[in-house]
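For reference, the structure is listed below as structure tokens.
Here, each number is a calculation from the coordinates, and none is a lab measurement. Computed from a predicted structure; not experimentally measured. Virtual Cβ from ideal backbone geometry, glycine too; neighbours counted across all protein chains shown.
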Amino acid sequence: MDVSLPFLLCFKYSVKFMTLTQERQVILFKPQGSIDLDSGTVLSEQMAAVKPQQHQLWVIDLANVDFMDSSGLVPLVKGLTSARQIGCRLVLCNVKAPVKLILELTQLDSVFEIFPSYEDIFAPVTNQQPVVTGV
């Protein structure tokens, strides 16, 4: 991904099923494969290892996630709760249809900010097309 952003890259590393990139004010989580009970636990641990800071943006890019069950929602909700308590913003992007369905069935699609792509997160507000669900 070659996105020009006004942030400096601090570090990047891979974990069992996820790539984490931290920039000055953006933390990018990129889980891969399925997010279920086992992999959701790993995602929760990785998210807990990164302490949110006020005014940071946490992005969970789900482009490489093909399946998520209800137990996979736990790390997302925990992350959102932690982020909001500190004054940090957490958003989702590149949500595929099977994952989107789980978010819609649990009505979490109205709780999370969801963007069609990573680049859309940083687009000027006037150019953004909101993701409409459940219509």
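Under a straight-distance cross-link criterion of Cα-Cα below 12 Å, which aspartates and glutamates are reachable from LYS30, leaving out those fewer than 8 residues away in the same chain?
ASP61
Give the calculated FRET efficiency between LEU37 and LEU108 to the nearest 0.05, with a Förster radius of 22 Å applied to their Cβ-Cβ distance.
0.80
How many nm is it between the label spots at SER117 and VAL77, if each spot is 7 Å from the Cα in line with the beta carbon?
3.2
Relative to the Cα centre, what is the charge dipole magnitude of the stretch 9-123, using +1 at the beta carbon of each Lys and Arg, -1 at the beta carbon of each Asp and Glu, and rounding to the nearest 20 debye?
The dipole of the stretch 9-123 has a size of about 400 debye.
May I ask you to compute the full-extension gain from PHE67 to GLN54, defined as 0.36 nm times their residue separation minus their alpha-carbon distance, rounded to one decimal in nm?
Answer, rounded to one decimal: 1.6 nm.
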